[in-house]
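Notes follow the structure.
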Amino acid sequence: MQEVDNFTMRRFLRARDLDINKASSMILKYLKWRREAIPRGFISEEDVQNELRQEKMYMQGLDKKGRPIGVLLGAKHYSSKRNLEEFKRYAAYVLEKLCTSMPRGQEMFVIIADLQGWGYSNCDIRGCLAGLEIMQNYYPERLGKVFVIHVPYLFMKAWKIIYPFIDNKTRKKFVFVEDKNLKSTLLGDIEENQLPEIYGGKLQLVPIDASASCITETPITSCK
């Protein structure tokens, strides 16, 4: 079975500005990581039970470009309840779910990162950096855009720590949205019938483990 298809190779090349040597090195590291982190070709819900119980990640609808929409509720994540190794598996689980939910021909997803109620107990720099490393190194060119909404002042202090670890291409994909412009900004990218109800749309939030996806049955080569 082919471990890396043409779509994947193109994404790694774009991530390294078409530098073949750098892209090749990145792919080799990715393959090594995948054999160790996802040896069965998928991550089951049983492997991330603690994270799923917190119901902090949802997935439903597509934006106007056909990209799956994930919704992260940051206030439901508690660093004191987090096991770092399980959290890393959870990050990969979420990314796999988003990837396998993409319509044919689509390669990216969109995230609405909702920080309503986020406070000290939710601050998890180590977890954020671990998730960021997995996304940037092993799922390059998958992130289309992140709408960061309901941002408390405290979060900006954590953001200053995290920001230097975000590569330049990824930095441009984070959009901080003021509350007064929230609905209009989201509707600029997402049709009302694809937007969650809590943001003025028509869809109910669907926990990511209940969303339609072939992640528990399908290996990496289908994630195109």
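The values are calculated or read from the model by the stated rules, or taken from the named source; none is laboratory data. Just so you know, these numbers come straight off a predicted model, no measurement behind them. Don't worry about glycine lacking a Cβ; one is built from the backbone with ideal geometry, like all the others, and counts go over all protein chains shown. Each accessible area value is taken on the protein alone, full model and side chains, heavy atoms only, with ligands, DNA and RNA left out. Shrake-Rupley method; radii C 1.70, N 1.55, O 1.52, S 1.80 Å.
Worth pointing out:
- Assuming charge only on the beta carbon of Lys and Arg (+1) and of Asp and Glu (-1), the dipole of the chain about its Cα centre is about 680 debye to the nearest 20.
- By accessible area with a 1.4 Å probe, ligands and nucleic acids excluded, highest first: order of Glu51, Glu85: Glu85, Glu51
- With Rh defined as the Kirkwood radius, the inverse of the mean 1/r over Cα pairs, the Rg/Rh of region 126-215 is 0.99.
- Residues with amide H under 5 Å from that of Phe176, placed H, sequence gap 5 or more: Val148
- Inter-probe distance in nm under a simple model that places probes 7 Å from Cα toward Cβ, at Asp179 and Asp17: 4.1 nm
- With a Cα cut-off of under 21 Å and a minimum spacing of 8 residues unless on different chains, the lysine pairs in region 1-152 number 17.
- Once the Kirkwood radius over Cα pairs is known for region 1-51, the Stokes-Einstein relation at 10 °C and 1.306 mPa s delivers a diffusion coefficient of 128 µm²/s.
- Table column - 3J(HN,Hα) (Hz), region 191-197, Karplus curve with 6.51, -1.76, 1.60, x for Gly and Pro: 5, 4, 6, 10, 8, x, 4
- If the segment from Ile162 to Gln204 were pulled out straight at 0.36 nm per residue, it would be longer than the present Cα-Cα gap by 12.0 nm.
- Rounded Å value of the spacing that divides the Cα centres of region 179-202 and region 143-175: 20 Å
- Looking at region 157-206, the pairs of alpha carbons with a distance over 16 Å make up 55% of the total.
- Candidates Thr170, Thr185, Thr100, ranked by Gaussian network fluctuation over the chain, Cα under 10 Å, top entry: Thr185
- By the compact-protein rule of thumb, 2.2 N^0.38 Å, the alpha-carbon radius of gyration of region 1-126 corresponds to a ratio of 1.18.
- Label point distance in nm, Arg34-Lys172, each placed 7 Å from Cα along Cα→Cβ: 2.6 nm
- Region 67-162: trypsin sites (Lys or Arg not before Pro) falling in loop per DSSP and having at most 14 other Cβ within 10 Å: Arg104
- For Gly144, the shell of other residues with beta-carbons less than 12 Å away shows a net charge of +4, using +1 for Lys and Arg and -1 for Asp and Glu.
- Taken over the chain, the ratio of Cα radius of gyration to 2.2 N^0.38 Å equals 0.98.
- In order along region 48-61, the Karplus-derived 3J(HN,Hα) couplings, from 6.51 cos²θ - 1.76 cosθ + 1.60 at θ = phi - 60°, round to 9, 4, 4, 5, 5, 4, 6, 6, 10, 10, 10, 8, 6, x Hz, and Gly and Pro are given as x.
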